[in-house]
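Visitor: Just passing along the structure, written as structure tokens.
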Amino acid sequence: MASLEELTPGLAKSRLNHLQRLMRTWAPLADISFADLLLYVPAGPTDSPTGHAIAGPTDSSPAGYAIAGQIRPTTARSIHRNNLVGAEFTPEQRPLVDVAYREGRITDGGRIGHADQPRVRTLTVPVNCHGEVVAVMAREFDPDTQRDPGELEMSYFKVFRRLAAMIAEGEYPFPVDDIETEESPRVGDGLMLLDASGRVQLISPNAASALHRIGLHSDVEGRRLVEIGLEQRAIRAAFASRLPQTEEIQHGDRGTVVLRCLPLIGSGELTGALVLMRDISELRRRDRLLMSKDATIAEIHHRVKNNLQTVSSLLRLQGRRAIATEARDAIEESVRRIRAIAIVHEILSRDASGDVPFVEIVRSLVRMVEEGLTGPDRPVEFKVTGDAGELAADVATPLAVVLNECLQNVMDHAYPEPPGGQVRIELDNDGDRVQVRVTDDGVGLPPGFDVDSADGLGIAIVRNLVSADLRGSITMSKGEGNPSRPGTVVEVAIPLLGSAPLPTARPR
């Protein structure tokens with residue numbers, strides 16, 4: 001499907017931006033007109049590739065017209081089942097589009113033929129940008145398939161004609177971006193029409209219901225919103241600036257509404273405003289519940305971290321009373337394992353989203369090892385490269401313990417004698433799996449070492465966590481250093497959610 005830029009290669013940047021703003025903000029126009037809107041741009045050579053002045057009619061026509069934009073209404077059934085963007089037509093196939101483009105005037109009442117919908121009524125609106133017609137917006141619908149419009153529908157269509165006149169006069173779209181969001185009100189949520197003094201001329205049933213839900217039961221028509229107790233800063237700002245304004249209003253404890261005010265301008269004068277309104281009380285209530293839950297989860301992680309730190313402190317006290325060196329070392333190793341888990345909960349206490357940036361955990365683990373196990377007599381430098389991305393807590397916690405055990409083994413076995421060395425920790429995340437690689441330049445693995453048959457506690461913990469909890473694989477192999485200090489390479493690969501478990505790997 002061709003883009004607007006591809007369909008209008010000779011169009012100036014300012015005019016291209018004008019058309020893009022129109023297509024970003026024309027959803028309310030489709031809804032209040034109960035019809036499809038199509039944007040036609042010249043296709044092929046013209047006398048003026050950027051449009052033509054609208055001071056008067058011109059006999060020049062482009063070779064054809066291409067549809068550069070299409071939007072369907074949410075208030076009525078669309079007559080176009082297929083996406084028409086990129087389709088091209090001759091001026092004879094779209095005579096009303098050609099008239100609107102050449103003469104710069106709104107044309108209504110004609111019927112055009114489509115292959116899938118032979119009887120389509122159209123209203124064509126020239127899109128004026130800085131005094132030149134650069135495109136044509138067409139309202140298309142089949143009157144034979146629509147019910148007779150009531151008073152409310154006719155009022156809506158009158159508002160559409162006022163907005164169409166603004167497009168033809170170059171007043172719409174507004175010169176600032178008024179991009180809709182998921183919470184922006186639509187015509188079906190509620191609509192009010194204000195006169196030039198800010199008094200309500202028309203209010204839709206949905207808008208009246210929204211006001212009732214937040215406790216405003218007064219009759220609105222003929223009155224200003226401030227007179228019934230609703231703030232109208234957005235309306236005053238829209239009237240003063242002649243630009244669209246959006247405001248979220250919380251009416252006490254009863255509810256919250258969002259107002260989007262579009263000023264209506266005719267012949268250079270402010271004639272009123274279109275106000276779209278949506279009751280978002282339930283959305284804000286859910287937001288508050290989510291914030292409360294996030295705060296509760298963060299507090300839980302904070303308390304878990306504190307409890308783990310308390311346990312590690314008690315173990316340290318116990319270790320100081322131990323007489324046997326082996327007992328003190330075992331207790332100190334347990335303290336470091338507990339601290340590795342506490343690091344994850346500390347990060348989760350700052351962000352309770354459930355995912356943690358693993359590189360932060362790695363850096364905290366490295367600091368813990370540097371503070372507890374390195375010194376002037378054993379200077380070991382750690383270097384962290386790469387990024388494993390954000391991992392779920394149930395992955396980050398066991399992986400942190402695994403990495404802690406790997407660093408502990410490096411400090412216990414890689415450098416039995418001075419001097420120390422360098423340890424590299426490489427992280428990678430390709431979307432399918434996380435890989436952690438720990439490389440040292442120490443004495444290397446002992447002869448005949450097998451990760452599957454090793455009976456050390458640290459190796460057993462790593463092996464069980466990687467295979468059982470993380471469904472991953474681990475390899476330990478000799479490095480490529482000199483024969484006296486070849487070093488060791490430990491590689492851990494963990495599949496992410498949705499990936500198949502990795503096959504168990506043996507040392508190379």
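The values are calculated or read from the model by the stated rules, or taken from the named source; none is laboratory data. Model, not experiment: these values are computed from the prediction. Quick reminder, even Gly has a Cβ in these numbers, built from the backbone with ideal geometry, and neighbours come from all protein chains shown.
Visitor: What are the pairs with Cβ atoms under 9 angstrom where one residue, in segment 295-312, is touching a residue at least 60 places away in the same chain (Cβ under 8 Å) and the other, located anywhere, is in a helix (DSSP H, G or I) and among the aromatic types (Phe, Trp, Tyr)? Sequence gap at least six, or different chains.
Guide: Between residues of segment 295-312 that are touching a residue at least 60 places away in the same chain (Cβ under 8 Å) and residues that are in a helix (DSSP H, G or I) and among the aromatic types (Phe, Trp, Tyr), there is no close pair.
Visitor: Continuing with the same structure: What's the number of the condition Glu171 fails, among (1) acidic (Asp, Glu); (2) exposed (fewer than 15 other Cβ atoms within 10 Å of the Cβ); (3) modelled with pLDDT of 90 or more?
Guide: (2)
Visitor: From the list Val311, Val356, Val304, which one is outside any helix (DSSP H, G or I) and either within 30 Å of Gln435 (Cβ to Cβ) or modelled with pLDDT of 80 or more (or both)? Give the derivation first.
Guide: On the way: Val311 fails: outside any helix (DSSP H, G or I); Val304 fails: outside any helix (DSSP H, G or I).
Residue meeting the stated conditions: Val356.
Visitor: Output yes when any residue across segment 69-91 is at pLDDT below 85 and of a type in the set (A, V, I, L, M), and no when none is.
Guide: The answer is no; no qualifying residue exists.
Visitor: If we keep just the residues of segment 409-431 that are in contact with a Gly (Cβ under 6 Å, 6 or more places away or on another chain) and assigned to a helix (DSSP H, G or I), which is farthest from Leu465 (Cα to Cα)?
Guide: Ala414
Visitor: Oh, and also: For segment 262-284, which residues satisfy the criterion of being at negative phi and surrounded by fewer than 12 Cβ atoms within 10 Å (Cβ to Cβ)? Full working, then the answer.
Guide: Start the filter on segment 262-284 by keeping residues that are at negative phi, which leaves 262-266, 269-271, 273-284.
Glu269, Glu282 - these are the residues of segment 262-284 that are at negative phi and surrounded by fewer than 12 Cβ atoms within 10 Å (Cβ to Cβ).
Visitor: Conditions first: (1) within 15 Å of Gly472 (Cα to Cα); (2) surrounded by 18 or more Cβ atoms within 10 Å (Cβ to Cβ). Met411 passes all but one, so which condition is the exception?
Guide: Of the numbered conditions (1) within 15 Å of Gly472 (Cα to Cα); (2) surrounded by 18 or more Cβ atoms within 10 Å (Cβ to Cβ), the odd one out for Met411 is (1).
Visitor: Okay, moving on. For Glu248, indicate whether it is within 26 Å of the chain's Cα centre (by Cα) and surrounded by fewer than 14 Cβ atoms within 10 Å (Cβ to Cβ). Quick ask: steps written out before the conclusion?
Guide: Details: within 26 Å of the chain's Cα centre (by Cα): yes; surrounded by fewer than 14 Cβ atoms within 10 Å (Cβ to Cβ): yes.
Taking the combined requirement at face value, the residue satisfies it.
Visitor: Of all residues being in a helix (DSSP H, G or I) and in contact with a Lys or Arg (Cβ under 7 Å, 6 or more places away or on another chain) in segment 383-408, which is surrounded by the most Cβ atoms within 10 Å (Cβ to Cβ)? Just the residue, please.
Guide: Of the residues in segment 383-408, the ones in a helix (DSSP H, G or I) are 393-408.
Right, trim to in contact with a Lys or Arg (Cβ under 7 Å, 6 or more places away or on another chain) and you get 401, 404, 408.
On the way: Val401: 21, Asn404: 25, Gln408: 22.
Across segment 383-408, the extreme among qualifying residues is Asn404.
Visitor: Restricting to segment 302-354, what's the tally of residues that are touching a helix residue (DSSP H, G or I) at 6+ places or on another chain (Cβ under 8 Å) and acidic (Asp, Glu)?
Guide: Result for segment 302-354: 4.
Visitor: Exactly one of (1) farther than 29 Å from Leu193 by Cβ; (2) at pLDDT below 85; (3) of a type outside the set (Val, Ile, Thr) is unmet by Arg102. Its number?
Guide: Going through the list (1) farther than 29 Å from Leu193 by Cβ; (2) at pLDDT below 85; (3) of a type outside the set (Val, Ile, Thr), Arg102 breaks only (2).
Visitor: Any chance you could count how many residues in segment 9-35 are touching a helix residue (DSSP H, G or I) at 6+ places or on another chain (Cβ under 6 Å) and not in a helix (DSSP H, G or I)?
Guide: Going through segment 9-35 one residue at a time, the tally reaches 0.
Residues are listed down the side, and each one gets a yes or a no for (1) among the aliphatic types (A, V, I, L, M); (2) at pLDDT below 85; (3) in the same structural domain as Leu470 (by TED's automatic domain parsing):
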| site | (1), (2), (3) |
| --- | --- |
| Asp329 | no, yes, no |
| Val335 | yes, yes, no |
| Ser349 | no, yes, no |
| Val366 | yes, no, yes |
| Arg378 | no, yes, yes |
| Gly386 | no, no, yes |
| Val410 | yes, no, yes |
| Pro418 | no, yes, yes |
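Visitor: To continue, here is another question. Checking the conditions here, which among Arg254, Arg242, Arg278 is among the charged types (D, E, K, R), farther than 24 Å from His212 by Cβ and touching a residue at least 12 places away in the same chain (Cβ under 8 Å)?
Guide: Working: Arg254 fails: farther than 24 Å from His212 by Cβ; Arg278 fails: farther than 24 Å from His212 by Cβ.
Matching residue, one of Arg254, Arg242, Arg278: Arg242.
Visitor: Further question: How many residues are over 21 Å from Met154 (Cα atoms) and not in a helix (DSSP H, G or I) if we restrict to segment 198-245?
Guide: Within segment 198-245, the first condition is being over 21 Å from Met154 (Cα atoms), and the residues that meet it are 198, 210-219, 223-245.
Still in the list and also not in a helix (DSSP H, G or I): 198, 214-219, 223-224, 229-232, 242-245.
Qualifying residue count for the region: 17.
Visitor: If Leu191 satisfies every condition in (1) at pLDDT 90 or above; (2) surrounded by fewer than 17 Cβ atoms within 10 Å (Cβ to Cβ); (3) not assigned by TED's automatic domain parsing to the domain that holds Leu29 but one, which is the exception?
Guide: Here Leu191 meets the rest and fails (2).
Visitor: Any residue at all in segment 447-467 that is closer than 21 Å to Ala388 by Cα and of a type in the set (Lys, Arg)? Walk me through how you get there before you give the answer.
Guide: Kept after step one, since they are closer than 21 Å to Ala388 by Cα, are these residues of segment 447-467: 462-463, 465-467.
Then keep just the ones that are of a type in the set (Lys, Arg); that gives 463.
Yes, some residue in segment 447-467 is closer than 21 Å to Ala388 by Cα and of a type in the set (Lys, Arg).
Visitor: Could you check how many residues of segment 475-495 are crowded, with 22+ Cβ neighbours inside 10 Å, modelled with pLDDT under 90 and part of a strand (DSSP E or B)?
Guide: Residues meeting the conditions: 1.
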